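Here the structure comes first, spelled out in structure tokens, and everything after it is commentary.
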Amino acid sequence: MWKRPQRSQGTPSSWWKQWRTASSTRRDITPAQLIDNLLSAFEGGVILSRLDARPALLAEQIHQHRHYVELLFPTPGDATAG
């Protein structure tokens with residue numbers, strides 16, 4: 001598992017590169033976890049949109065979940081595919 005290096009071990013850009021490398025090789029997520037995440041985003045979006053009286057918040061939450069899934073499973077030729 002990736003561990004954040006101490007401040008004396010490099011610059012913020014080297015931390016980012018190390019994290020990006022570690023996170024791009026790990027795909028140990030189950031379909032059930034993805035569904036739980038989607039439901040949490042949906043339910044949280046509903047609550048936030050009602051509290052803030054902004055219906056667009058729900059769409060923003062679902063859009064953010066889509067980006068999360070795209071980062072987990074990039075398509076070939078995608079700019080994030082590393």
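Out of all the residues in region 40-66, which are exposed (fewer than 13 other Cβ atoms within 10 Å of the Cβ), without any contact (Cβ under 8 Å) to a residue 12 or more places away in the chain and of a type in the set (Gly, Ala, Ser)?
Ser40, Ala53, Ala56
Do we have any residue at all in region 67-78 that's surrounded by 11 or more Cβ atoms within 10 Å (Cβ to Cβ), more than 14 Å from the chain's Cα centre (by Cα) and modelled with pLDDT of 90 or more?
No, that holds for no residue.
Would you confirm whether or not region 13-20 contains a residue that is at pLDDT 70 or above, on the phi < 0 side of the Ramachandran plot and either aliphatic (A, V, I, L, M) or not in a loop (DSSP other than H, G, I, E, B) (or both)? Show your work before the answer.
Taking region 13-20 as the starting set, the residues that turn out to be at pLDDT 70 or above are none.
No - not one qualifying residue is present in region 13-20.
Could you grab the pairs with beta carbons closer than 8 Å, sequence gap of 6+ or different chains, first residue in region 19-37 and within 16 Å of Gln64 (Cβ to Cβ), second one surrounded by 12 or more Cβ atoms within 10 Å (Cβ to Cβ) and at pLDDT 90 or above?
These pairs meet every condition: Asn37/His65.
The values are calculated or read from the model by the stated rules, or taken from the named source; none is laboratory data. The model shown is predicted, which means the values in this text are computed figures rather than measured ones. Glycine also receives a Cβ, built like all others from the backbone with ideal geometry; neighbour counts cover every protein chain displayed.
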